[in-house]
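Presented below is the structure to which this report refers.
The values are calculated or read from the model by the stated rules, or taken from the named source; none is laboratory data. Computed from a predicted structure; not experimentally measured. In this analysis, Cβ positions are derived from the backbone assuming ideal geometry, glycine residues included, and neighbour counts consider all displayed protein chains.
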Amino acid sequence: MSAAPEYAPSGPFSPGEVLALIGSGAAATRADIARLTGLARSTVSQRVDALIAHGFVDEDNADGGSTGGRPPRRLQLRTREHAVAGVDLGASHCRVALMDIGGELVAVREDPLSIADGPASVLGHVERTLHELLGEAGRDPGTLKSIGVGVPGPVEFSTGRPVDPPIMPGWHQYPIPEFFADRLGARALVDNDVNVMALAEQRRAFPETGYLLYIKVGTGIGCGIVADGRLHRGAQGSAGDIGHIRVGDEEQPCRCGNVGCLESVASGQAIAARLSGLGLDAASGQDVVRLVKSGNRDAVRMVREAGRAVGEVLAGLVNFFNPDTVVLGGALAAVHDQLLAGVREAVYRRSHPLATHVLRIEPSRTGQNAAALGAGILAIEHALSPEQVDRVLAGSAP
């Protein structure tokens, strides 16, 4: 590919905004861009030529809907030279998804890995995995444009640094974005895992909904919030931390130092502890799932009770936020029949009829790939944002 010319956008509809039209499918030809933006043909050509020169767009001779004469050339995203990664770091696993900027999943790998091993060990593993996946896919490391990372703890999104994460010893204020910038030369965006799960669910499974709550019930309990089609993180990134809302008169100690938190009552870890107290072999949410699937009555009863507790908190959120879709994910979503029964029972009993008029409460459709896919989508939306594209064209971004 020849060297791309330097480009300084001026006036309305920068190249990044033009690319957004092409990427969304709103514009497939130069004529479409001129019609949608009102730009002169010469300006459209300048924008499109810059995007082609920098490898963002291909233009072919396929029929773009001509009504006569010479058919227009069709514009589309050039995905081969632009890869992103979605990284899901769980309490005991690491899942890495390699994607192209069109959203196609190229490769995915999951390995057992303890988040408590610390950032140097865990992120080193991610770096090695990314190199291996890129090699297996025949992609040069330089094609990796951005990385999304979901972690099981609070994150200050503006800096990408975890903040006092309870199950991530040694990670407080660790500069995750700087690690990947130094090692791979790619921008990394870091978020709480439940936020990227919510993003995956809304973008991939429920694209028609603008107001969605994603409830993760696993080792902990959290909520991802999509409002008007966008993730809502709050002022400092801690929106949706519902696991530490007090439930009824419960006095069960919570790892946060308080008592009666939803997480201490209804998480997979909490249920496993109660089942273990009955003499059953249960140490984690996965063990709870196993016992439920084997028909253990105590496990079935406790999961349904946990669903009611989650539903009590969720009813308040439904009244307050008025979502049209609630999605349940996490480890316990594998036994969603029992969990959903308890959640729905409480929500429909405690919520206002208007708030539940069109409400649907569904199990996750993206399943175990939710966090990796969502982190990848986060990376794609950054790589294709008009601001980032314009910085690349101006030579001021990697």
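Taken together, G118, G102 contain a single residue that is in the same structural domain as Q173 (by TED's automatic domain parsing), among the small types (G, A, S) and under 21 Å from the mean Cα position of the chain (by Cα), which is G102. So is G218 small (G, A, S), within 22 Å of C256 (Cα to Cα) and in contact (Cβ under 8 Å) with a residue 60 or more places away in the chain or not? Spelling it out, G218 is indeed small (G, A, S), within 22 Å of C256 (Cα to Cα) and in contact (Cβ under 8 Å) with a residue 60 or more places away in the chain.
A quick yes/no check of all residues on (1) in the same structural domain as G243 (by TED's automatic domain parsing); (2) under 30 Å from L21 (Cβ atoms); (3) of a type in the set (S, T, N, Q):
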| residue | (1), (2), (3) |
| --- | --- |
| G307 | yes, no, no |
| G311 | yes, no, no |
| D324 | yes, yes, no |
| G329 | yes, no, no |
| Q338 | yes, no, yes |
| V343 | yes, no, no |
| A346 | yes, no, no |
| R360 | yes, no, no |
| G376 | no, yes, no |
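Is there a residue in region 41-57 that is closer than 29 Å to T366 by Cβ, touching a helix residue (DSSP H, G or I) at 6+ places or on another chain (Cβ under 8 Å) and surrounded by fewer than 17 Cβ atoms within 10 Å (Cβ to Cβ)? Checked against the condition, which is being closer than 29 Å to T366 by Cβ, touching a helix residue (DSSP H, G or I) at 6+ places or on another chain (Cβ under 8 Å) and surrounded by fewer than 17 Cβ atoms within 10 Å (Cβ to Cβ), region 41-57 yields no hits at all. Say we look at region 175-194 and pick out the residues that are under 13 Å from V155 (Cα atoms) and surrounded by fewer than 20 Cβ atoms within 10 Å (Cβ to Cβ); which of these is nearest to the chain's Cα centre (by Cα)? If we take residues in region 175-194 being under 13 Å from V155 (Cα atoms) and surrounded by fewer than 20 Cβ atoms within 10 Å (Cβ to Cβ), then P177 is nearest to the chain's Cα centre (by Cα).
Residues in region 317-343 that are in contact (Cβ under 8 Å) with a residue 60 or more places away in the chain and not aliphatic (A, V, I, L, M) were compared, and the one that is surrounded by the most Cβ atoms within 10 Å (Cβ to Cβ) is G329.
So, S66, is that one in contact with a Pro (Cβ under 8 Å, 6 or more places away or on another chain), assigned to a loop (DSSP other than H, G, I, E, B) and either over 22 Å from L378 (Cβ atoms) or modelled with pLDDT under 95 (or both) or not? Yes; evaluated as a whole, the condition is true for this residue.
Considering region 145-180 alone, what residues qualify as being within 24 Å of G55 (Cα to Cα), of a type outside the set (V, I, T) and touching a residue at least 60 places away in the same chain (Cβ under 8 Å)? Result: K145, S146, G148.
Could we say that G55 is part of a loop (DSSP other than H, G, I, E, B) and at pLDDT 90 or above here? Here the answer is yes, as G55 does meet what is asked.
Here's the yes/no breakdown for (1) in contact with a helix residue (DSSP H, G or I) (Cβ under 6 Å, 6 or more places away or on another chain); (2) more than 21 Å from L317 (Cβ to Cβ); (3) acidic (D, E):
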site	(1), (2), (3)
P154	no, no, no
P162	no, yes, no
I221	yes, no, no
D228	no, no, yes
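So is V318 in the same structural domain as I245 (by TED's automatic domain parsing) and within 28 Å of S92 (Cβ to Cβ) or not? So V318 does not fit the description; no. Candidates V96, V106: the one that is without any contact (Cβ under 8 Å) to a residue 40 or more places away in the chain, of a type in the set (A, V, I, L, M) and assigned to a strand (DSSP E or B) is V106. One residue alone among A346, A371, A355 is among the small types (G, A, S), assigned to a loop (DSSP other than H, G, I, E, B) and either surrounded by fewer than 22 Cβ atoms within 10 Å (Cβ to Cβ) or modelled with pLDDT of 95 or more (or both), and that residue is A355. Considering only residues of region 114-144 that are in a loop (DSSP other than H, G, I, E, B) and touching a residue at least 24 places away in the same chain (Cβ under 8 Å), which is surrounded by the fewest Cβ atoms within 10 Å (Cβ to Cβ)? Looking at residues that are in a loop (DSSP other than H, G, I, E, B) and touching a residue at least 24 places away in the same chain (Cβ under 8 Å), I get A137. Which condition does R230 not pass, out of (1) free of Cβ contacts under 8 Å to residues at least 40 places away in the same chain; (2) over 25 Å from the mean Cα position of the chain (by Cα), if it passes all the others? The one condition R230 does not meet is (2).
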